Amino acid sequence: MAQLWGGRFTEETDALVYRFNASVSFDRRLLEEDIEGSIAHAAMLGRQKIVSQEEADAMIAGLAAIREDVRRGQLTVTDVYEDVHSFVEAVLTERIGEAGKKLHTGRSRNDQVALDMKLYTRKVIRETRGLLQNLLETLLSLMEEHLDTYMPGFTHLQKAQPLTLAHHLGAYFEMFKRDVLRMRDIEKRMNTCPLGSGALAGTTYPLDRAYVAELLHFDGPTWNSMDSVSDRDYLIEYLSAAATVMMHLSRFSEEIILWNSNEYQFVEIADAYSTGSSIMPQKKNPDIAELLRGKTGRVYGALLSLLTVMKGIPLAYNKDMQEDKELTFDAMDTVKDCLTLFDGMLGTMRFCKDTMAKSAVNGFTNATDAADYLVGKGVPFRDAHTLIGRLVLYCIEKHTSIDALSLEELRAVSPVFEADLFEAVSLETCVEKRLTTGAPGKKAMRDAIAAGRAFLQEEKKY
Ligand code: ARG
């Protein structure tokens, strides 16, 4: 056991209490951030003459050496220390002596951990955005490739109107685009530096908080020291955005599972992203897509857990907040893995164009267009709707489709039908005539793709 706070105590900490209280087993992942923050703090202490320049230099060199040794695997953060902060300070003092004991001047672990979590979250947000960008890129390429790949569009999981695979994928492009924007937005809002807030009430040392904020690439220091040490809003915002990413991945995974089923056969997931059965030799299961759908639960859980942890905490820091870490780290890892895996699965999947097109012509997906045809001939839409409904019923009885009927059969329902009906309700016409902004017609789709490309280009610069 190695603690920073032994002075006031006369008895040993109970072993279970020590384990229960310690956070090193999971906050060791903040080592890089902890050192980065400490280097900035030490540089400021020297600059403000709170410690001598030599002492500051010794601290900075010592901290950098610890970082290097840990990176190289020559030093490990062990359970001997209560948390990562104690580990760094203890090793530093061991190595550089007296100067190491001055590192914590004008600082508390409360503002230190607040800083570490912000730095770490900012990094993860950037990584997540990068992974979302990759997925958007994959989607755009597939959209360009599948402008002519016809498929049925569904409402209520019933065939509704024909569209293209490009259009269907485009819907997900928009969802993940919003996810990217949400991530960007969180970063903007959270980018203020809590260091220098002390335990809760700032400090009497002449700290230069603006300088530290600048060194750590924040927009500036936070404005209330109590809020600084007890704010975890940015984690809740991240988890909320992450939960939304997972919801999108899960919906898409669900569709892929359906499409990959023996009944649909719209797609075939690559072997690399499928698994087999231990008993049924014929099986190739979409386990990865199912796991992606399942993992959504743990990310939702993390969001709800943290909201619950935070809801009863009086100002300012309370130890409850240590509970922010494990669940947030787990959610962060999960989202990053899921985005990477999903992108790989999507990029290697085979799309069975013929099956999709065949499915698009079955199921009366052209019924709306047949009604619109009658409208074009002067029939009021409500009457046209009824007439085509009757026609559909007739087709169901005869096991046929609208476009396979003879002109005579059509005219028995309405004399308005002419030979140009067949052209008007063909799959190509049904899709290509839909040219309103955001519709699946090729020209409209090309505009959407161009807008998507422009967004992605802008996003990569950001
Ligand atoms: N391990 C603590 C956490 O994660 C660090 C801050 C501890 N501060 C304190 N006063 N006990 O929140």
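The values are calculated or read from the model by the stated rules, or taken from the named source; none is laboratory data. Owing to the predicted nature of the structure, the values given are computational and were not obtained by experimental measurement. Positions of Cβ are backbone-derived with ideal geometry, glycine not excepted, and every protein chain shown enters the neighbour counts. Ligands, DNA and RNA are stripped out before the accessible areas are found, and what is left, the full protein with its side chains, is counted by its heavy atoms. Shrake-Rupley method; radii C 1.70, N 1.55, O 1.52, S 1.80 Å.
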Based on the mean of other beta carbon atoms within 10 Å per residue, what is the order of 356-364, 216-224, most packed first?
356-364, 216-224
What does the charge count near residue 435 come to, summing +1 for each Lys or Arg and -1 for each Asp or Glu among other residues with Cβ under 11 Å from its Cβ?
+3
Two-site label geometry, residue 383 and residue 79: point separation in nm, points 7 Å out along Cα→Cβ
8.3
According to the square roots a ≥ b ≥ c of the eigenvalues of the Cα gyration tensor, what is the shape class of segment 106-173, taking rounded for a/c under 1.5, prolate for a/b larger than b/c otherwise, and oblate for the remainder?
oblate
Modelled label reach - residue 435, point 7 Å along Cα→Cβ, segment 358-375 residues with backbone N closer than 12 Å:
none
Could you work out how far apart the two model spin labels at residue 72 and residue 16 are, taking each label as a point 7 Å from the Cα in the direction of the beta carbon, and quote it in nm?
4.3
Which loop GluC sites (Glu not before Pro) in segment 248-351, with loop taken from DSSP, have no more than 14 other Cβ atoms within 10 angstrom of their Cβ?
263
Structure-based [θ]222 nm, the chain - -39500 (n - 2.57) summed over DSSP H runs of at least 4, per residue, nearest 500
-20500 deg cm²/dmol
Per 0.36 nm of contour for each residue apart, how much would the distance between residue 298 and residue 5 grow if the chain were fully extended, relative to their Cα-Cα spacing?
101.9 nm
Can you tell me what the convex hull of the Cα atoms of segment 39-103 projects to on average, as an area in nm²?
4.1
Hey, could you get me the Stokes-Einstein D for the chain, Kirkwood radius over alpha-carbon pairs, 20 °C and 1.002 mPa s, rounded to whole µm² s⁻¹?
81
Which trypsin sites (Lys or Arg not before Pro) does segment 43-94 hold that lie in a coil by DSSP with at most 11 other beta carbons within 10 Å?
49, 72
Given a 1.4 Å probe, the accessible area of the chain per residue, as a whole number of Å², is 48
Between segment 127-157 and segment 320-348, the alpha-carbon center distance in angstrom:
21
Using 7 Å Cα-to-Cβ label points, what is the residue 32/residue 174 separation (nm, one decimal)?
3.7
Can you tell me which lysines have their Cα less than 20 Å from the Cα of residue 101? Leave out same-chain residues fewer than eight positions away.
49
How big is the Rg/Rh ratio for segment 220-291, C-alpha atoms only, Rh by Kirkwood, two decimals?
1.34
I need the trypsin sites (Lys or Arg not before Pro) found in segment 412-462, filtered to DSSP loop residues with at most 15 other beta carbons within 10 Å of theirs.
433
Cα gyration tensor category, rounded, prolate or oblate, for segment 206-249 with a/c compared to 1.5:
oblate
